[in-house]
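One structure is given below, encoded as structure tokens.
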Amino acid sequence: MRPLLVPLEALVYGPSYAYLNYKIRSPTPLDHDTVWRDLTFDLPPLADWLRNSWPIGPVRPLLLRAKIKQDHVLGIADHYDVSNDFYELFLDRRYMFYTCADFHHPDETIEEAQQHKADHILGLIDPKPGQRILELGCGWGAMLKRICEHTGDKDNLHGLTLSKEQVDYNNQHNGFHVEFDNFITRTYQPESYDTIYSIGAWEHVRPDEIAPLCNKLYDAIKPGGKLVKHFFCRSTDDLFATAVCSQLYFPGSIGSSYRAHVEAFEGAGFRITHRSIHDYRPTLRAWFDRLVESRERALELVDVRTYNRQLTFFPASWRYFHEGRGMLVRWVMEKQG
Ligand SMILES: C[S@@+](CC[C@H](N)C(=O)[O-])C[C@H]1O[C@@H](n2cnc3c(N)ncnc32)[C@H](O)[C@@H]1O
């Protein structure tokens, strides 16, 4: 049955999708060396052309629209609500960031690299005790923890997530004001926050949701306040064939282009005062290695399909950044006083 699905899925969703799904559906845990090699090596020109050309350009938005009828809650649960203990196996031990770290040297640990990232973003947010601060998509509370270490002001820190497991984790370990709510559809009180920030959450916002959300957030920030955003986006306006593959990992999410982000935020009235570009690849490799080191424990915590999906996610994403399709960006934006 499994091999029979390959030509069918290749025809509808393209060869990359079919190949990845074939790997994910393996009834046994995948061999890590083979997976990394097969998903990152430079493809011969014909294979490369095929994977980039199919599904053909005009069909891609239609396929994606058909695939994303489900709401955000189901898509987030599918990826995140598998087991907090599973994520603990490969994320950094101090904060549990599930977003790109800053490796200053190739031989640094994921803990050191996430500390650099946390400190860089802390500098961008520049939080002060008494300021009301909101994180959109707060994960396991990593950045809330770093801000709290700095200001000591837990009461004014708020986070939103659509993962029930993350809410439970927060209640058990951190005690921040974390709500289970959709930051896209939420109603925000006008001028209620000094700073709103997000780290790796805008990737889940669909293109037609970006501009309305920017307008809402602009109103929710106090005059002179700011919005800090760490995100990855498509480097061009092309809707790559890889957008279809991303449905295997984040069902219901579609990334937007860099230009679409600029237009939506500037259109809402924000002024971009900081931009920096970061390299996601070392983080993806570090998570992959950690997961492989913990393979036996991982397979006690999640089923084989979930393990295989996570194992393919890292090299497939690595290739996306390596080929320059995606870029990882940090912005600070100010609301004019
Ligand atoms: C890649 S994780 C990043 C988590 C955290 N910011 C970090 O740096 O580790 C994405 C987070 O965004 C949240 N998220 C995605 N879409 C959301 C939505 N529409 N409303 C609320 N949270 C959302 C997920 O639940 C998850 O917590």
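Key figures for this structure:
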{"item": "Filter result for residue 133 (under 19 Å from residue 111 (Cβ atoms) and of a type in the set (Val, Ile, Thr))", "result": "no"}
{"item": "Counted residues, segment 58-88 - those being more than 13 Å from the ligand (Cβ to nearest atom), under 30 Å from residue 241 (Cβ atoms) and charged (D, E, K, R)", "result": "4"}
{"item": "Residues (hydrophobic (A, V, I, L, M, F, W, C) and farther than 18 Å from residue 257 by Cα) located in segment 194-227", "result": "196, 217, 220, 221, 227"}
{"item": "Residue match in segment 279-289 (condition: charged (D, E, K, R), part of a loop (DSSP other than H, G, I, E, B) and in contact with a Lys or Arg (Cβ under 8 Å, 6 or more places away or on another chain))", "result": "no"}
{"item": "Top-ranked residue in segment 250-287 [being within 16 Å of the ligand (Cβ to nearest atom) and among the hydrophobic types (A, V, I, L, M, F, W, C); ranked as farthest from residue 321 (Cα to Cα)]", "result": "264"}
{"item": "Those residues of segment 263-286 which are out of contact with any Phe, Trp or Tyr (no Cβ under 7 Å at 6 or more places or on another chain), of a type outside the set (Ser, Thr, Tyr) and either buried (at least 16 other Cβ atoms within 10 Å of the Cβ) or under 29 Å from residue 310 (Cα atoms) (or both), in sequence order", "result": "264, 265, 277, 278, 279, 286"}
{"item": "Some residue of segment 240-259 being in contact (Cβ under 8 Å) with a residue 40 or more places away in the chain, under 18 Å from the mean Cα position of the chain (by Cα) and in a strand (DSSP E or B)", "result": "no"}
{"item": "Some residue of segment 89-112 being out of contact with any Pro (no Cβ under 7 Å at 6 or more places or on another chain), within 10 Å of the ligand (Cβ to nearest atom), within 24 Å of residue 329 (Cβ to Cβ) and part of a helix (DSSP H, G or I)", "result": "no"}
{"item": "Within segment 273-292, tally of residues that are touching a helix residue (DSSP H, G or I) at 6+ places or on another chain (Cβ under 8 Å) and within 22 Å of residue 31 (Cβ to Cβ)", "result": "9"}
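Yes/no matrix, rows are residues, columns are (1) within 18 Å of residue 333 (Cα to Cα); (2) within 10 Å of the ligand (Cβ to nearest atom); (3) not hydrophobic (A, V, I, L, M, F, W, C):
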position: 175; (1), (2), (3): no, no, yes
position: 188; (1), (2), (3): no, no, yes
position: 191; (1), (2), (3): yes, no, yes
position: 213; (1), (2), (3): yes, yes, no
position: 242; (1), (2), (3): no, no, yes
position: 245; (1), (2), (3): no, no, no
position: 248; (1), (2), (3): no, no, no
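A quick yes/no check of all residues on (1) farther than 27 Å from residue 73 by Cβ; (2) touching an Asp or Glu at 6+ places or on another chain (Cβ under 7 Å); (3) without any contact (Cβ under 8 Å) to a residue 12 or more places away in the chain; (4) within 15 Å of the ligand (Cβ to nearest atom):
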site: 114; (1), (2), (3), (4): yes, yes, no, yes
site: 120; (1), (2), (3), (4): yes, yes, no, yes
site: 127; (1), (2), (3), (4): yes, no, no, no
site: 142; (1), (2), (3), (4): no, no, no, yes
site: 153; (1), (2), (3), (4): yes, no, no, no
site: 180; (1), (2), (3), (4): no, no, no, yes
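None of the figures in this text is laboratory data; all of them are computed from the coordinates on show. Nothing here was measured: the structure is a model prediction, and the numbers come from that model. Here Cβ is always computed from backbone atoms with ideal geometry, including for glycine, and neighbour counts include all displayed protein chains.
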